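Asker: Could you have a look at this structure, given as structure tokens, before my questions?
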Amino acid sequence: MEWPSWRDGVFALRTFSAAMLAAWISLRLDLSSPGTAAMTVYIVSQPMTGMMLSKSVYRVFGTLAGALATLVFIDLFVQARELFVLASALWFAVCVYISVLLRDAPAAYGPMLAGYTLAIIGFPAVLTPQAAFDLTVTRCTEILLGIGCAGVLSAVVMPRPVGPVLYARIEATLDATARWAVDILSGQRGTTRTHGDQTRLIADVVALETLRSHAVFDTRAVRVANDVVRQLQGRLFAFLAVLVSIRDREQALRQRDPTQWQAIEPAFDAVARVMDRSLGAAQPTDDDSIATVRQQIEACRPAPEAAHRNDQAIVAGILLSRLQDVLTLRAGCLGLRDHLAAGTRPAVLGAAPSISRHRDQAVAINAAVSAFATLVIGCAIWIETSWTYGSAAATMIAISCGFFSAADRPAQAALNFLKFTAVSAVVALFYMTLVLPQIDGFAMLVAALAVFLVPIGLLMTAPNTATMATPLAINFLFLLSLGKVPKLDLAAYLNTAVAVLAGCAMSVALFALLRPLGTQWVARRLVTGILADLGQLASGRVLAPGAFESRMFDRINGLLLRLDPASSGDRPILQGSLAALRVGQNVMTLRRLADTLPPLTRQVVESALSVIARHFDTTKHLGPSNDVMQALTHAGERLRELDSDPDTFAALTSVTAIRLTLSYHAAFFGLPSSAAPPPLQEVVVPT
């Protein structure tokens with residue numbers, strides 16, 4: 001067990017102090033529910049300042065949007081509670097859709113808050129519509145007060161900015177990239193350690209975008225050098241793509257043509273020695289030795305005539321070109337890293353590469369429809385039973401749907417939330433019956449609450465306990481209902497607690513009924529997105545390499561989180577997803593070449609691309625077909641018959657690379673398994 005650090009202790013004390021400050025100001029302003037302000041502090045608080053500020057900004061926008069929607073719907077449907085519920089559920093579904101589509105980017109927090117803020121404010125307000133405006137203004141004031149107190153204390157009291165964490169993560173990622181490159185270049189690509197390194201490295205590079213988006217809120221240097229950081233991200237995505245390409249093609253060449261492999265192996269050894277010095281901060285300047293290595297790589301390159309006739313010579317040429325890319329990307333990463341460390345910008349800095357994330361309409365629509373149905377069913381039970389505390393149950397349904405709609409298994413996540421809500425209800429009951437009656441004054445209240453909330457704040461700093469601690473703190477303050485006038489109404493508390501637990505339980509049951517698809521369905525959606533992107537690229541869609549690579553690695557990271565590389569059923573999916581990255585890069589190369597090729601060459605290339613596009617069109621693809629392999633084979637033969645100018649040879653190289661990659665991962669790409677070359681056929685396991 002890892003004990004909390006002193007920074008964790010600072011966070012716990014700072015968060016508790018901000019909550020108590022927000023409650024005290026609420027009392028001084030004569031607001032009706034100081035507990036709401038204190039609860040907001042625990043909702044937005046994060047260990048690092050930038051994360052808290054980014055979350056707070058979107059919470060402000062989400063709260064204001066939800067409050068405005070509340071007033072509009074109450075004004076329109078004050079005489080028809082059923083229509084108010086339907087309008088609220090529709091608003092909530094739209095907000096869930098946007099939030100799930102945006103996924104875990106900071107901006108996704110805004111629409112989620114806009115959705116369940118309407119439930120928090122609107123469901124109690126619809127019972128007393130004449131006081132709806134005052135209640136809405138009061139709740140918004142309390143929420144904004146909590147956000148303000150949390151933000152001020154986080155920025156003033158021993159702040160922990162995200163910027164230094166981002167810089168440290170960049171250094172660690174560069175070092176890990178170098179280590180993984182050395183493993184691949186030296187032939188250690190199949191070990192358990194290198195599989196783990198690959199998984200962590202992909203996750204770390206994908207996570208840099210989230211850290212950057214938070215760091216711009218609290219670190220001026222990151223805001224100034226934002227384009228430099230994004231350029232480095234793009235280089236790292238390209239670096240990973242090149243290393244993946246080398247790994248699989250090296251394996252194929254070793255197995256299919258050992259003689260050809262031995263001819264280029266010295267170039268691999270030379271680049272491995274360069275990368276073994278790492279990309280860390282102590283990397284020496286060694287331009288002369290790098291130039292020597294580049295010459296050695298070119299000396300190993302097969303003659304153009306041999307490459308034009310032989311597939312394995314083409315693969316060898318591709319590998320040598322990728323080794324040159326490794327050296328180029330290494331130099332680019334080192335240069336950008338040095339500029340970040342010095343706080344400067346390169347004299348010439350191109351446009352920042354596009355960083356694209358995976359967006360799945362089907363997942364978002366599924367989440368929105370189930371959230372709409374869940375809230376409507378919960379509110380129908382409230383209305384039909386005339387349950388006095390039914391609004392609290394409906395509010396908890398909305399909060400649960402807001403929190404967990406993006407999860408693969410929302411029923412399981414909501415069940416855990418229910419368990420810790422039950423614990424918080426017991427603790428709140430203890431305070432209600434035994435502690436609060438003994439309280440005399442605000443100072444004693446602060447001391448009493450510190451006994452529970454400060455340790456909870458410590459637990460919020462650790463990822464493995466945060467999912468437990470956050471609902472404990474939030475629901476404890478919600479159920480305690482701290483007000484400007486102490487209310488020790490045990491009957492009201494028990495009714496509210498029962499309603500809250502019932503709302504959580506209903507969300508669990510309805511999630512299990514309406515969202516039974518689970519992790520495997522999400523994994524299939526990720527694979528569908530990968531194949532659909534290949535089809536769109538082949539059909540002529542223009543996409544920047546940085547955007548394609550970042551989105552592909554985002555999907556691959558999603559698969560790595562959900563599948564087991566050790567499983568014979570999951571491994572081909574992971575291998576195929578990495579292979580799809582190379583297919584997409586070669587398709588983009590063919591698309592770029594198409595307009596510059598001679599007419600006959602262009603015709604051959606366009607024909608092959610149209611077959612690839614039809615094959616990966618998920619709306620028309622009915623099953624395994626060998627048409628695409630036949631088309632690529634025919635295209636390769638036609639290109640070999642043409643004059644060997646540079647563009648034609650580049651097209652032949654890409655066509656051959658696509659054909660070999662598809663054949664090595666036949667099952668993943670929807671090809672007959674017999675299309676795989678015999679030496680590699682055993683690694684493709686149908687799933």
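The values are calculated or read from the model by the stated rules, or taken from the named source; none is laboratory data. Since the model is a prediction, treat every value here as computed from it, not as a measurement. Positions of Cβ are backbone-derived with ideal geometry, glycine not excepted, and every protein chain shown enters the neighbour counts. Heavy atoms of the whole protein, side chains included, go into the accessibility calculation; ligands, DNA and RNA do not. Shrake-Rupley method; radii C 1.70, N 1.55, O 1.52, S 1.80 Å.
Asker: Please work out the Kirkwood hydrodynamic radius for the range 316-393, using every pair of different C-alpha atoms, and report it in angstroms with one decimal place.
Answerer: One decimal place: 18.8 Å for the Kirkwood radius.
Asker: Report the semi-axes of the equivalent ellipsoid for the chain in whole Å, largest first, where each axis is √(5λ) for an eigenvalue λ of the Cα gyration tensor.
Answerer: Semi-axes, largest first: 55, 29, 20 Å.
Asker: Where does the range 487-599 land on Rg/Rh, using Cα atoms and the Kirkwood Rh?
Answerer: Details: Rg = 23.5 Å, Rh = 17.8 Å.
Rounded to two decimals, Rg/Rh equals 1.32.
Asker: If you don't mind, there's one more thing I want to ask. For the chain, what does the helix formula give at 222 nm: sum of -39500 (n - 2.57) over DSSP H segments with n ≥ 4, over the residue count, nearest 500 deg cm²/dmol?
Answerer: -26000 deg cm²/dmol
Asker: Let me ask something else about it. May I ask for the distance between the Cα centers of the range 144-175 and the range 1-75, given as a whole number of Å?
Answerer: Measuring centre to centre over Cα atoms gives 16 Å.
Asker: Using only Cα atoms, locate the centre of the range 518-569 and the centre of the range 214-271, then give the distance between them in Å, rounded to an integer.
Answerer: About 19 Å separates the Cα centre of the range 518-569 from the one of the range 214-271.
Asker: Can you give me the % of accessible surface on the range 532-583 that is carbon or sulfur? Probe 1.4 Å, all protein chains present, nothing else counted.
Answerer: Values: 820 of 1560 Å².
It is 52 percent, rounded to a whole number.
Asker: Between the helical axis of 49-77 and the dominant principal axis of the chain, each derived from Cα atoms, what acute angle in degrees is found, rounded to the nearest 10?
Answerer: Here the helix axis deviates by roughly 60 degrees.
Asker: Related question: For the range 359-407, go through all pairs of different Cα atoms, get the mean of 1/r, take its inverse, and jot down that Kirkwood value in Å. All intermediate terms of the calculation are to be shown ahead of the outcome.
Answerer: Working: mean 1/r = 0.0876 Å⁻¹.
Hydrodynamic radius (Kirkwood, Cα pairs) of the range 359-407 is 11.4 Å.
Asker: A further question on this structure: Keeping the other protein chains in place, figure out the carbon and sulfur percent of the accessible area of the range 46-141, with a 1.4 Å probe. Don't jump to the answer; show the numbers that get you there.
Answerer: On the way: 2740 of 3820 Å².
It is 72 percent, rounded to a whole number.
Asker: While we're here: When all alpha-carbon pairs of the range 406-502 are counted, what percent fall beyond 21 Å?
Answerer: For the range 406-502, the fraction of Cα-Cα distances above 21 Å is 37 percent.
Asker: Oh, and also: Could you tally the net charge around Phe73, taking each other residue with its Cβ under 14 Å from the Cβ of Phe73, Lys/Arg +1 and Asp/Glu -1?
Answerer: Charge balance in the 14 Å sphere: -1.
Asker: Angle between the Cα long axis of helix 599-615 and the longest principal axis of the chain, 0 to 90 degrees, nearest 10?
Answerer: 40
Asker: Tell me, what is the per residue accessible area of the range 38-151 in Å², probe radius 1.4 Å?
Answerer: 36
Asker: Shifting gears a bit: Given the peptides 30-40, 397-407, 213-223, arrange them by the average over their residues of other C-beta atoms within 10 Å, most packed first.
Answerer: Working: 30-40: 22.9, 397-407: 25.2, 213-223: 20.3.
In decreasing order of mean packing, 30-40, 397-407, 213-223 become 397-407, 30-40, 213-223.
Asker: Helix 132-156 sits at what angle to the longest principal axis of the chain, using alpha carbons and giving 0 to 90 degrees rounded to 10?
Answerer: 60
Asker: Per residue and in cubic angstrom, what volume does the convex hull of the Cα atoms of the range 1-128 have?
Answerer: 133
Asker: Between Arg345 and Glu606, what's the calculated FRET efficiency when r is the beta-carbon distance and R0 is 60 Å? Round to 0.05.
Answerer: Calculated value: 0.90.
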